[in-house]
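Enquirer: Below you will find the structure I want to go over with you.
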Amino acid sequence: MRALQAFPDDAALIRRLFLADHSFRSACEDYRLACEGLFAFERLSGDGPRPEVQDYQRVVRELETEMRGMIQAARGRA
């Protein structure tokens, strides 16, 4: 799970959230897809810069911020 790579200090909490919280699970899936898209467009950038790379970098950052907020909120409830 890519969320575990992004937030390794919160691995146990992420696993619990993933199982119990549909919104968090959905954000994780979106994050995985965005990371895969970013990786694919970065590989294609060998022929020159691709505008999709910046778009996907922005989406990945936004999803990390969203997940970080969910993790912090869950930490406050624990």
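Enquirer: Taking the condition assigned to a helix (DSSP H, G or I) and crowded, with 16+ Cβ neighbours inside 10 Å, does Ala40 pass?
Expert: Working: assigned to a helix (DSSP H, G or I): yes; crowded, with 16+ Cβ neighbours inside 10 Å: no.
The answer is no for Ala40.
Enquirer: Mind telling me which of the residues Asp21, Asp10, Asp55, Asp47 ends up being among the charged types (D, E, K, R) and buried (at least 16 other Cβ atoms within 10 Å of the Cβ)?
Expert: Details: Asp21 fails: buried (at least 16 other Cβ atoms within 10 Å of the Cβ); Asp55 fails: buried (at least 16 other Cβ atoms within 10 Å of the Cβ); Asp47 fails: buried (at least 16 other Cβ atoms within 10 Å of the Cβ).
Among Asp21, Asp10, Asp55, Asp47, only Asp10 is among the charged types (D, E, K, R) and buried (at least 16 other Cβ atoms within 10 Å of the Cβ).
Enquirer: Could you grab me the full set of residues in region 18-52 that are in contact with an Asp or Glu (Cβ under 7 Å, 6 or more places away or on another chain) and modelled with pLDDT under 95?
Expert: Phe41
Enquirer: Which condition breaks for Arg75 when tested against (1) surrounded by 14 or more Cβ atoms within 10 Å (Cβ to Cβ); (2) touching a residue at least 40 places away in the same chain (Cβ under 8 Å)?
Expert: Only one criterion in (1) surrounded by 14 or more Cβ atoms within 10 Å (Cβ to Cβ); (2) touching a residue at least 40 places away in the same chain (Cβ under 8 Å) is unmet by Arg75, namely (1).
Enquirer: Could you check how many residues of region 12-34 are without any contact (Cβ under 8 Å) to a residue 24 or more places away in the chain and either under 18 Å from Arg61 (Cα atoms) or touching a Cys at 6+ places or on another chain (Cβ under 8 Å) (or both)?
Expert: 5
Enquirer: For residues in region 23-52 being under 16 Å from Ala6 (Cα atoms) and acidic (Asp, Glu), which is farthest from the chain's Cα centre (by Cα)?
Expert: So, considering only residues that are under 16 Å from Ala6 (Cα atoms) and acidic (Asp, Glu), the one farthest from the chain's Cα centre (by Cα) is Glu36.
Enquirer: I would also like to ask the following. Can you tell me which of (1) within 17 Å of Arg2 (Cβ to Cβ); (2) over 11 Å from the mean Cα position of the chain (by Cα); (3) modelled with pLDDT of 95 or more is the one Asp55 doesn't meet?
Expert: (1)
Enquirer: A further question on this structure: Would it be correct to say that Ala12 is of a type in the set (Gly, Ala, Ser), touching a helix residue (DSSP H, G or I) at 6+ places or on another chain (Cβ under 8 Å) and either part of a helix (DSSP H, G or I) or modelled with pLDDT of 95 or more (or both)? Explain how you work it out, then say what you get.
Expert: Numbers: of a type in the set (Gly, Ala, Ser): yes; touching a helix residue (DSSP H, G or I) at 6+ places or on another chain (Cβ under 8 Å): no; either part of a helix (DSSP H, G or I) or modelled with pLDDT of 95 or more (or both): yes.
It is false that Ala12 is of a type in the set (Gly, Ala, Ser), touching a helix residue (DSSP H, G or I) at 6+ places or on another chain (Cβ under 8 Å) and either part of a helix (DSSP H, G or I) or modelled with pLDDT of 95 or more (or both).
The values are calculated or read from the model by the stated rules, or taken from the named source; none is laboratory data. Not measured: the values here are computed from a predicted model. All Cβ positions, even for glycine, are placed from backbone atoms using ideal geometry, and neighbour counts span all protein chains on display.
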